[in-house]
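Heads up: the structure comes next, in structure tokens.
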Amino acid sequence: MQTKISEITAVGEFGSPAGNKLLKVKSGTYAGRMIAIYKTSSTEIKYCFSNSPYETWNSLTTIASDSVSPIVDAVMNENGDVYLVYSETNNYLVSIKLTITDAGWDIGSKVYVYNDGITNAPSIAIDSSENLHVSFSLMNGALFDLHVKTSTDDALTWGISPTDVGEIIATSLTMTIPKIMTSDNDLFVVYIADWNSIKERSRTLSETTWTTEYTIISSSNIDTNFDATVLPGGFIGVVYDDSQLSYREFDGSNWSPITILDSSEGFFPQITIINNVPVVLYLSEFATGEFQLMQTNRQTGSFSSPVVMENRAAAFDSLTLYSQSSSSYEDKTTEASNAIAGDLYHSISTSLLSVESDKIYCGSDLKFRFMRMLLSTVGVGGTVTYSYFDGANWKSFTPSGGAFNLDSSDKELLLWDDFDSAPLDWQKNSVNGVSRFWIKIEATASFSTAPIGSQVTSISNLKSISVRR
């Protein structure tokens, strides 16, 4: 994370799927301004914004305090007005318009999209005429139906009335989560159905007849986190996970064969278009509780091999242990990167740290902000200090996550809140002949039980992502 915006207590992170949470004004007086919209607690939805070059974000502003579902979605018109949909306290579906101003966005009144039943999983889209379209699930007995409603008056009303059910495009499902999209001519809905398939229906914007339901994928391993987008040609691409990350697209006549993007699982996949090229971003599990942000794109006509998008959150380029009693260094980079239990120790001290002045050096070619430590033996009785090299001396600091004396078996240690908060004076220096950005962990009191490691990396436990639209 380059810049930390806020902390949240909301369960479900960005929702499943993540929907639209980060939007950028395309034109007009405020072109380039970005707004982030997300749940900060189980009931509250807030926003903050930033202008280019996005180095600082304004304070959070509350949009609503009556949200009951993790799934919240938003869309922006050309001038920067935002339309938000969510299910409120009575499980009714509502929309709120945010009107862009010099100071941010003015928050409009709540408007009922549907108020005659239990709704969930809203998704919103806007067409080239700035008509708004919402898809949502509606409870029908013990099952769910999938509905679509439209507003042609800037979200003042939806359909004929709040009790109007709109267009019903799927019925009697045990579960459904939709994603609605528009091209210049068409309205598309891609949706999870019954935990075991992803399906699609569409219609032209000018008519009311929907195409026959098409099953994009049928699998017992379908993850509810999927994404879809309108491609430059006006049709759609869909990315999903069913124990491996996969992609299919529609060319107006046929659906393509399945393309495997990653033979491993891909969590929270998101697809976006950058310079007319489909780009897929997702989370890949490096080890238990450690997820890296990955990307693949189709710039050359076929999707590239996935690569790590954030190299500042990775296995360390070097991890070196120093034993004071033997005045010796040992390179333990390989042992630090794997999760083999109890293999990370200095051969003389048989531990990570044992006595005063023993040291752990964690080094990277890039500045990092986080450390994940897995210990097979927890330290008892000792204390440590943390320091970085400022170009002349080792400078002690207290990690943002608090002091950690290697006294728990699984520690996610935040060194600094975000990458922008890493010290400006942090410099590379040489440790045992290797030049890196180093963090030194030094024992300042001996351990009665010396800690032994299993894994140490700078890879955090990312929960979810939402790509800017």
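Three principal axis extents describe the C-alpha atoms of the chain; from largest down they are 81, 48, 44 Å.
Counting lysine pairs in region 322-469 that sit 8 or more residues apart in sequence, or on different chains, and whose Cα atoms lie under 27 Å apart gives 23.
Multiplying each eigenvalue of the alpha-carbon gyration tensor of region 186-317 by 5 and taking the square root yields semi-axes of 28, 17, 11 Å, largest first, rounded to whole angstroms.
Relative to the Cα centre, the charge distribution of the chain, modelled as +1 at Lys and Arg Cβ and -1 at Asp and Glu Cβ, gives a dipole magnitude of about 700 debye. With one equal scatterer per alpha carbon and no solvent term, the Debye-computed log10 I(q)/I(0) for region 251-327 at 0.14 1/Å reads -0.59. Converting phi to 3J(HN,Hα) with the Karplus coefficients 6.51, -1.76 and 1.60 and the offset θ = phi - 60°, region 450-458 yields 7, x, 10, x, 10, 7, 9, 9, 10 Hz in sequence order, with x at every glycine or proline. Every pair of different Cα atoms in region 1-138 enters the Kirkwood calculation, which places the hydrodynamic radius at 15.2 Å. In plain terms, the bigger the Kirkwood radius, the slower the diffusion; for region 134-197, with that radius from Cα pairs, at 10 °C and 1.306 mPa s, Stokes-Einstein puts D at 126 µm²/s. Surface composition of the chain: carbon and sulfur atoms hold 47% of the protein heavy-atom accessible area at a 1.4 Å probe. Kindly flag which residue pairs out of LYS24/LYS199; LYS4/LYS110; LYS46/LYS110 have an alpha-carbon separation exceeding 21 Å in this structure. LYS24/LYS199; LYS4/LYS110, as the Cα separations exceed 21 Å there.
Ellipticity at 222 nm from helices only: DSSP H runs of n ≥ 4 in the chain, each -39500 (n - 2.57), divided by the residue count, give 0 deg cm²/dmol. Using a probe of 1.4 angstrom and keeping all protein chains present, the accessible surface of region 214-312 works out to 43 square angstrom per residue.
The values are calculated or read from the model by the stated rules, or taken from the named source; none is laboratory data. Keep in mind it's a predicted model, so treat the numbers as computed, not measured. Every residue, glycine as well, gets a Cβ built from its backbone with ideal geometry; the counts of neighbours run over all protein chains shown. What goes into the accessible areas is simple: the full protein's heavy atoms, side chains included, and nothing from ligands, DNA or RNA. Shrake-Rupley method; radii C 1.70, N 1.55, O 1.52, S 1.80 Å.
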